[in-house]
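Every read-out reported here was derived from the displayed coordinates using simple, explicitly stated rules and does not represent laboratory data. Note that the structure is predicted; figures quoted are calculated from it, not measured. We place every Cβ from the backbone using ideal geometry, glycine too, and count neighbours over all the protein chains shown.
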Amino acid sequence: MQLEEAKKLRENWGDKPCDHPNLSKEYHLGAATGDYTCTQCGKSGWGRDWNNQTKDS
């Protein structure tokens, strides 16, 4: 997922809770950032399993 696409997802999602069911590798200008982005809410975190360590309430 491109960084700009993730930003738009975050803006549209707002403050709603999300359990981050699916992650996608994040890219900026064609290069991987090292982060993974939730495809539902757009939140990004480092590593492919950050969603198992951090849950929004």
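Quick check on my filter: what residues within segment 30-42 are out of contact with any strand residue (DSSP E or B) (no Cβ under 7 Å at 6 or more places or on another chain) and either in contact (Cβ under 8 Å) with a residue 24 or more places away in the chain or surrounded by 15 or more Cβ atoms within 10 Å (Cβ to Cβ) (or both)?
Within segment 30-42, Gln40, Cys41, Gly42 qualify.
Give just the number: which of (1) touching a residue at least 24 places away in the same chain (Cβ under 8 Å); (2) touching a Ser or Thr at 6+ places or on another chain (Cβ under 7 Å) does Asn51 not satisfy?
Of the numbered conditions (1) touching a residue at least 24 places away in the same chain (Cβ under 8 Å); (2) touching a Ser or Thr at 6+ places or on another chain (Cβ under 7 Å), the odd one out for Asn51 is (2).
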